[in-house]
Amino acid sequence: MAKKTIRPLGDRVLVEPIDVKDVTKGGIIIPDSAKEKPMEGKVIAIGIKRDDDGVEIPFDVKVGETVLLPKYGGTELKIDDITYQLVRESDLLGVLV
């Protein structure tokens with residue numbers, strides 16, 4: 001079976017969340033049920049933004065950058081056993097540099 005791919009539409013960004021660590025600095029193991037939703041992710045793909053006249057508008061983020069995700073929002077989807085989050089670019093909180 002061929003590997004699936006997705007191309008976001010409009011101003012949407014496909015992000016692969018970066019998992020949080022299982023162990024704290026003090027050595028305490030965090031169970032899966034107590035972990036918070038990842039707040040960071042790597043941009044995998046971006047759509048194409050256009051203004052009212054159909055002119056393409058560049059994105060503020062680029063494929064490969066690490067971004068801060070909102071705690072809630074976006075759409076979570078699974079492709080080939082990898083979980084992604086599809087969010088609007090305006091919902092992203094920032095780019096980690």
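Quick note: the coordinates plus some simple rules give every number you see, no bench work behind them. Just so it is clear, the model here is predicted, and its values are computed rather than measured. Neighbour counts are summed over all protein chains in view; Cβ atoms, including those assigned to glycine, are modelled from backbone coordinates with ideal geometry.
Calculated FRET efficiency, LYS71 to ALA45, Cβ-Cβ distance, R0 = 25 Å: about 0.65 to the nearest 0.05. Under a 5 Å amide H cut-off, with hydrogens placed 1.01 Å from N, ILE18 pairs with GLU40, GLY41, LYS42 among residues at least 5 apart or on other chains.
Largest first, the three principal axis extents of the alpha carbons in the stretch 55-97 are 33, 24, 19 Å in whole numbers.
Peptides 8-14, 72-78, 49-55 ranked from most to least packed by the mean count of surrounding Cβ atoms within 10 Å: 8-14, 72-78, 49-55.
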